[in-house]
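A short write-up of the structure that comes next.
Taken together, the values in this text are just the output of simple stated rules run on the coordinates, not laboratory data. All figures in this text were calculated on a predicted structure; none of them were measured in a lab. Neighbour counts run over all protein chains shown; Cβ positions are idealised from the backbone, glycine included.
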Amino acid sequence: MSTATINPVLEPVKAPPGYVANRAILTGGSRQVTVLALIAVAIVLPFVLGEYRLFQATQVLIFAVAILGLNILTGYNGQISVGHSAFLAMGAYATAILGIEFGMPYWLAIPTSGLICLGFGFLFGFPALRLQGFYLALATFSLAVALPQLLRYKGIEQWTGGVQGLFVDKPAVPAGLPVTPDQWIYFVTLFVTIALFWAAWNLVRGPVGRAVIALRDHEVAAEVMGIRASIFKSLTFGVSAMYTGIAGSLSALSIQFVAPDSFHMFVSVTLLVGAVVGGVATIWGAFLGALFVVFIPNVAEQISSNATWAVYGAFLLLVIYLMPNGMAGGLEDLFRRLRARAPGR
Amino acid sequence: MENEAFDNTIDDQTAPRVSVPLMEVKDVTVRFGGITALDGVTFDVNAGEICGLIGPNGAGKTTLFNCISRVYNCDEGDILVLGQSLLSKGRHEIAKCGVGRTFQNLALFKTLSVRENIMLGGHSTISTGFLSSALRLKRVTEEERSLSERADMLITYLGLEAVADAPVSELTFATLKRVEMARALAFKPKLLLLDEPAGGLNHHEVDHLRQLISDVRETLHTTVLLVEHHLNLVMDVSDRVVAIDFGRVIADGTPEDVRNHPDVIRAYLGE
Ligand SMILES: Nc1ncnc2c1ncn2[C@@H]1O[C@H](COP(=O)(O)OP(=O)(O)OP(=O)(O)O)[C@@H](O)[C@H]1O
Ligand SMILES: [Mg+2]
């Protein structure tokens, strides 16, 4: 039997008025060039930035990874988490404890921390599947409020350092490399960020991403098409926790210190802000969101040191109002409008 | 397109159609609180046939589809496909058993494009997991290619080229009915359940749909169970028709017999 002889029976559907077939602003070659150019800039950056700016650049990368993790879960899969600071904390503490107690080198501690968070995320995601919308949000919230206190708990103080927290060794620069330790941690972070963004990009544009979105859009139909919702959603939770956990691991290495107070529940909200402001269910929006959450508080403080958070809130409202699809969506619209106006089009 | 995973030939299609029950619905009963939506429903669907399923509003047609695709649980009875009980399967295993369906009120993935919706319909034929997909292994790209070839074929078959890359949220109901059918055909189902495919179509389009349903059986070798209120369409296209009313089978036979059955006439005229 062959399906090659199939002839259409129905009259072809006409495209709706005003319909534009290809909306991607960057395709194929130009996308690769843009990505390579950005990576080139990122490689040069540590040699031109001062110490503090370099630290901030590292923080942007770390936040980008953490926000990407949340976006995989909340943006693509529609499971709302307001507790991702818990996974940030888990990754950070895992790295600190693995280094201090087991003498694990940082390059091994980063993926190991990620795997620990993957496991936790999966296990947490499994029962949480029964919870929808607000209830899932509350369950994740409870994780985020509980964890800092648990980390302070006296009974495990010998591991976690209690209220004092733990000091983490800065990754040593490999012998012979002409970079400072700050530049080195930046490069480690950059490498991990590129690898994780690449993997996420592969995931979302392939069969898994399609399935993750399908589960968000119509779970019953997705199951009828052969997707096992329980396993798939838990795995998505796990992968999301792994991304955010690796971000936590990198933050422990770059700040060289972990303490319960660094993972206040407010950090979860910051991640959510980054995901939404950057652009829900976009990959590079995570990066834009990271720029926002790292720099806007500083900008706000410069504008008014008394009303920093009011100014921050105003910025937030401005973005939401002007760019309903986040900064990624806003920039794409802008780009499209510019291109439409460009001569020769 | 000669892909093992897609081959749904269950017997020699060139031979005269033999009456092997592809699906057996046995004594299926479903209750929602006080009401009994299905009450001991029993009938077979034979391989290679187009079987119509008719009945007035609320008769239980969609409920039966939901039982077959494991969206609802049956309170009593059993449903077998090629001798295998579906009730021991999970909802996600139904496609693997060869059963595809469309939904009466549409159940598309609204943020995905037409092509992506159709490719997702073939999800049961692939083996890609998170890790292989994240690393974009060769197997993944090969599976993607075969899914996308199948989708292209169905896009052409159903005349969806002009909107193939549009998100489905931008399209009309009639177009979306086609997308649903393409999605259900993506994994080469042995049995296709169509829930009111003529909903929202005009006279002219119904004529085309009639040809399409016959053609799906002839060229895609898919057995069809068709739920439709458009009785002329059902009677024209079906080899056999089952009529239900208040969750009970009231007639089962040739279109002619069922059309003239006193209980069917009574159910429709609402005596
Ligand atoms: N999830 C549900 N909960 C409660 N009652 C339900 C549910 N689904 C269906 N029913 C009831 O079961 C009966 C059969 O409904 P069903 O949707 O199967 O009818 P149908 O034959 O498909 O009708 P129509 O032609 O209008 O689509 C109806 O009385 C309906 O109200
Ligand atoms: Mg119905």
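Points worth noting:
- Three-way shape label, the stretch A:239-345, alpha-carbon gyration tensor, a/c 1.5: oblate
- Partners for residue B:138 among lysines (Cα-Cα distance below 22 Å; same-chain residues under 8 apart left out): none
- Calculated FRET value between residue B:257 and residue B:127, using beta carbons and R₀ = 30 Å, to 0.05: 0.05
- Residue A:198-residue B:208 pseudo-label distance in nm [points 7 Å out on the Cα-to-Cβ vector]: 4.6
- Built from the Cα atoms of the stretch A:1-123, the convex hull projects on average onto 16.3 nm², one quarter of its surface area.
- Over chain B, volume per residue of the alpha carbon convex hull, in Å³: 140
- Burial ordering of B:153, B:119, fewest other beta-carbon atoms within 10 Å first: B:153, B:119
- Computed about its Cα centre, the charge dipole of the protein assembly as shown is approximately 1920 debye, with only Lys, Arg, Asp and Glu carrying charge at their Cβ.
- Shown here for the stretch B:219-264: trypsin sites (Lys or Arg not before Pro) in loop regions (DSSP other than H, G, I, E, B) with at most 11 other Cβ atoms within 10 Å, of which there are none.
- Residue B:135 paired with residue A:37, simple spin-label distance in nm, labels 7 Å along Cα-to-beta-carbon: 3.3
- 3J(HN,Hα) along the stretch B:163-168, derived from phi through the Karplus expression 6.51 cos²θ - 1.76 cosθ + 1.60 where θ = phi - 60°, amounts to 10, 3, 9, 7, x, 5 Hz, with x in place of Gly and Pro.
- Residue-averaged 222 nm ellipticity for chain B, from DSSP H runs of 4+ at -39500 (n - 2.57), nearest 500: -10000 deg cm²/dmol
- Mean residue ellipticity at 222 nm, helices only, chain A: -23000 deg cm²/dmol; runs of at least 4 DSSP H residues each add -39,500 (n - 2.57), and the sum is divided by the number of residues.
- FRET efficiency, residue A:49 to residue A:14 (Cβ-Cβ, R0 56 Å, nearest 0.05): 0.55
- Residue by residue along A:13-19, Cβ atoms of other protein chains within 10 Å of the local Cβ number 6 on average.
- Short-range pairs are left out: with C-alpha atoms under 8 Å and at least six residues apart, the relative contact order of the stretch B:128-259 is 16 percent.
- Sorted on the mean count of surrounding Cβ atoms within 10 Å across their residues, most packed first, peptides A:170-183, B:77-90 read B:77-90, A:170-183.
- Summarised in one figure, the compactness ratio Rg/Rh of the stretch A:302-345, Cα atoms and Kirkwood Rh, is 1.25.
- Cα centroid separation, the stretch B:26-84 to the stretch A:177-230 (Å): 41
- Two-decimal log10 I(q)/I(0) for the protein assembly as shown, as the Debye equation yields it once each C-alpha is a single scatterer, q = 0.11 Å⁻¹: -1.06
- The stretch B:194-211 versus the stretch A:111-161: alpha-carbon centroid distance in Å: 52
- Percentage relative contact order, chain B, counting C-alpha pairs under 8 Å, at least six apart: 27
- In this label model, residue B:170 and residue A:138 are separated by 4.0 nm, measuring between points 7 Å along each Cα→Cβ vector.
- Extent along principal axes [Cα atoms of the stretch A:58-127; Å; largest to smallest]: 39, 31, 16
- Annotation: the residues A:217, B:257, sorted from fewest to most other C-beta atoms within 10 Å of their own C-beta, follow the order B:257, A:217.
- Based on C-alpha pairs under 8 angstrom that are at least 6 apart in sequence, chain A has a relative contact order of 30 percent.
- By the beta-carbon count within 10 Å of each Cβ, the least crowded to most crowded order of B:126, B:244, fewest first, is B:126, B:244.
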